[in-house]
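Right, one structure below, let's go through it.
The values are calculated or read from the model by the stated rules, or taken from the named source; none is laboratory data. The shown structure was predicted, so the numbers you read here are calculated from the model rather than taken from an experiment. No Cβ is skipped: glycine too gets one built from the backbone with ideal geometry, and neighbour counts run over all protein chains shown.
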Amino acid sequence: MTTPDPSAVFTIRGARVLSMGVREKSPDAALRPARGAAMDDLGVLEHADVSIDPRRGEIVSVSPVAKGGSRATEGPADVEARGRILMPGFVDCHTHALWAGSRIDEWEMKLRGATYQEIAAKGGGILSTVRAVQNATDAALDEALRSRLQSMLALGTTTVEVKSGYGLSMQHELRMLRAIARVKPTAAQTIVPTALLGHAIDPDLPREQFVESTIRDTLPAVAREFPGITVDAFCEQGAWTLDETVRLFEAAKRLGCPVRVHADQFTSMGMVERAISLGALSVDHLEASTDEDLRRLAASGTFGVALPCCGFHLDGRYARAGRLAREGGAVCIATNCNPGSAPCPSMPMAIALAVRHGGLTSAQAIVAATRNPAALLGLSDRGFIAPSARADLLLLNTADERTLAYEFGTNLVERVWTAGKPHDAGAGARPLPGA
């Protein structure tokens, strides 16, 4: 038996393809997010063959075929989909996947009635992870990130945004960003770094001194070493105030850095309006956003990112992503993978929660987990299935895409490809109706 050439063009045959309604990759323009009615259009091809060139890491062709069509040109590396779902890989656009230490003890405190803010006031919360990160070796940080990326890949995530934010000082924020940079070249996924410089407030320094040092010293140092990196902040009671966040963002934009913001997790503080006026790429969380906040966000060019795993783990509060979608907003969902409020690497779980508690339809949630977050991250070559698109693909162990939202606690991902290279997902085979 001849071993298939791993660099040869191969075809995934007879799949139910979710193209996401994008016909071709645009060489000149960023991928546009789906809004309004387009969020319910998965661009389904009932029965199609998708050919992939692993050398270029791209999709070569997408060809609708009759069910049970000819296999005269079948190659040794081809994959028989037998009507199962072929879709773009998940794009997890908001994670804190680089951390050290554990917050399980704090979780038990929460189960006994302590609030997120009460735990933080006792030295727990973000600050406990900050201490663990500061005490960890570089090797330990690298290994922690690699391990979580492997878990995410097995669950279908092929592009991951990873934030710093557990460093607080210039030294340790740079350490975190350097760890992400070290892991990035060898990761199976695409890694997009974000500098979360406005996270917790250092309790060992006067507040104004810490904020001023972050803006005056840490931000420029990060921008010099990582030009054009996106800068993020957590605008919330007990974290960065509205005015402090705006000062940080105005300084970041002067240095050529785009901005994103955590806002309205517990309190609507007016950050949505300010983020829009600053041209922020996204506002993330939105659990406490008002109707007016959502209307303004929907009418803007700023994305809204819902983080339903956080609501599941913390307090049962969820962003009204469905409302934002009906208003015409550019909606994304993400895991928010982190040790405190969302210890979850699973985009399928985020989809299941966003449909049950965020008001999205199954189709909208799939778009919000693929095409739209790719657009948010400025990646015009993925999040859809079309010729010349990056071959980041998932073959699911189901013939009905709604199963992604309907089932939870299972892994439907049977096979994963990143840039056309296969990875074992470990979902295992199970019979499908008519297969």
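Being under 27 Å from Leu360 (Cβ atoms), over 27 Å from the mean Cα position of the chain (by Cα) and either surrounded by 14 or more Cβ atoms within 10 Å (Cβ to Cβ) or modelled with pLDDT of 95 or more (or both) is a property that Ala38 lacks.
Annotation: of all residues in segment 12-30 being within 28 Å of the chain's Cα centre (by Cα) and at pLDDT 95 or above, the one that is nearest to Pro422 (Cα to Cα) is Ile12. In the set (1) part of a helix (DSSP H, G or I); (2) modelled with pLDDT under 95, Gly238 fails one condition alone, (1).
Quick grid of which residues meet (1) without any contact (Cβ under 8 Å) to a residue 24 or more places away in the chain; (2) of a type in the set (A, V, I, L, M); (3) within 20 Å of Ser147 (Cα to Cα):
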| residue | (1), (2), (3) |
| --- | --- |
| Ser164 | no, no, yes |
| Glu173 | no, no, no |
| Leu177 | no, yes, yes |
| Thr194 | no, no, yes |
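Scanning segment 331-349 for residues that are under 28 Å from Thr398 (Cα atoms) and in a loop (DSSP other than H, G, I, E, B) yields a total of 8. Residues in segment 295-308 that are in a helix (DSSP H, G or I) and farther than 20 Å from Asp232 by Cα: Arg295, Arg296, Ala298.
Results for (1) in a loop (DSSP other than H, G, I, E, B); (2) touching an Asp or Glu at 6+ places or on another chain (Cβ under 8 Å); (3) crowded, with 23+ Cβ neighbours inside 10 Å, shown as yes or no for each residue.
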position	(1), (2), (3)
Thr194	no, yes, yes
Phe210	no, yes, no
Leu219	no, no, yes
Val231	no, no, yes
Glu244	no, no, no
Val283	no, yes, yes
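Within segment 246-261, the residues that satisfy the criterion of being closer than 26 Å to Cys332 by Cα and not in a helix (DSSP H, G or I) are Gly256, Cys257, Pro258, Val259, Arg260, Val261.
The set of residues in segment 49-73 that are at pLDDT 95 or above, in contact with an Asp or Glu (Cβ under 9 Å, 6 or more places away or on another chain) and aliphatic (A, V, I, L, M) comprises Ile52, Ile59, Val60, Val62. The sole residue among Asn397, Asn372, Asn338 that is within 30 Å of Pro422 (Cα to Cα) and either over 18 Å from the mean Cα position of the chain (by Cα) or β-branched (Val, Ile, Thr) (or both) is Asn397. Leu174 meets the conditions (1) part of a helix (DSSP H, G or I); (2) surrounded by 23 or more Cβ atoms within 10 Å (Cβ to Cβ); (3) not charged (D, E, K, R) in every case but one. The failed one is (2). For segment 342-368, name all the residues that are more than 23 Å from Val259 (Cβ to Cβ) and of a type in the set (Gly, Ala, Ser). Across segment 342-368, the qualifying residues are Ser346, Ala350, Ala352, Ala354, Gly358, Gly359, Ser362, Ala363, Ala365.
Scanning segment 285-292 turns up at least one residue that is among the hydroxyl-bearing types (Ser, Thr, Tyr) and more than 20 Å from His96 (Cα to Cα).
Evaluating Arg326 against the criteria (1) more than 20 Å from Arg35 (Cβ to Cβ); (2) surrounded by fewer than 20 Cβ atoms within 10 Å (Cβ to Cβ) leaves one unmet condition, (1). Among the residues here, Leu353 qualifies as over 26 Å from Ser63 (Cα atoms), assigned to a helix (DSSP H, G or I) and either at pLDDT 95 or above or touching a Ser or Thr at 6+ places or on another chain (Cβ under 6 Å) (or both). Select from segment 177-190 the residues that are crowded, with 18+ Cβ neighbours inside 10 Å and touching a Pro at 6+ places or on another chain (Cβ under 9 Å) and list them in ascending order. Leu177, Ile180, listed by residue number.
Of everything in segment 250-302 that is among the β-branched types (Val, Ile, Thr) and under 18 Å from the mean Cα position of the chain (by Cα), the residue that is nearest to Arg32 (Cα to Cα) is Thr302. When segment 105-152 is filtered for residues that are of a type in the set (Lys, Arg), in contact (Cβ under 8 Å) with a residue 24 or more places away in the chain and either touching a helix residue (DSSP H, G or I) at 6+ places or on another chain (Cβ under 7 Å) or not in a helix (DSSP H, G or I) (or both), the ones remaining, listed by number, are Lys110, Arg146. Screening Leu395 against (1) surrounded by fewer than 19 Cβ atoms within 10 Å (Cβ to Cβ); (2) touching a Lys or Arg at 6+ places or on another chain (Cβ under 7 Å); (3) not in a loop (DSSP other than H, G, I, E, B) leaves a single unmet condition, (1).
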